[in-house]
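Input: a single structure, listed below in structure tokens.
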Amino acid sequence: QVQLVESGGGLVQAGGSLRLSCAASGGAFSRYTMGWFRWAPGKDRQFVAVITWNNNTYYSDSVKGRFTISKDNAKTTVYLQMNSLKPEDTAVYYCGVHYSGSYYYAEAFGSWGHGTQVTVSS
């Protein structure tokens, strides 16, 4: 059973950058499609980005051009580079393994980590 641990969150001013990491243990990481979602208070869990097992990437419109998802199979880690951060990016960010269904819905993912808090001040 794969386990995921997110890190790299923090407090940053608007316009700043952060890089999130999602370290995986167990399972066949190179075969996984991995996604990042975020959850802000009072809102549904929101799709952010996904990287397929063969390195295709997809982004939500709200982060396209600002965020970059990547993965390192040797380190069994997925990254989310976040640039030009905005206050509306404030949320807890989670990574998950895609199991079945559309990439854009959290229900298609599982094995969630505990999340990492990102706070962007204006």
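The values are calculated or read from the model by the stated rules, or taken from the named source; none is laboratory data. This one's a predicted model, so the numbers in the text were calculated from it and none came from an experiment. Quick note on the areas: whole protein, heavy atoms, side chains included, nothing else; ligands and nucleic acids left out. Shrake-Rupley method; radii C 1.70, N 1.55, O 1.52, S 1.80 Å.
When His98, His114 are compared by accessible area of protein heavy atoms, the largest-first order is His114, His98, using a 1.4 Å probe. When its C-alpha radius of gyration is set against 2.2 N^0.38 Å (N residues), the chain gives a value of 0.97.
How large, in percent, is the carbon and sulfur part of the accessible surface of the chain at a probe radius of 1.4 Å? The C+S portion of the solvent-accessible surface of the chain is 48 percent. Not counting ligands, DNA or RNA, and with a 1.4 Å probe, what is Trp39's accessible surface area in Å² rounded to the nearest 10? Surface open to solvent at Trp39 totals about 110 Å².
Only lysine pairs 8 or more places apart, or on different chains, with alpha-carbon atoms under 25 angstrom apart are counted in segment 36-122, and they number 4. Accessible area per residue (1.4 Å probe, heavy atoms of protein chains only) ranks Arg19, Arg66, Arg31 as Arg31, Arg19, Arg66, with the largest value leading.
Average accessible surface for the chain: 51 Å² per residue, computed with a 1.4 Å probe over protein heavy atoms with every protein chain in place.
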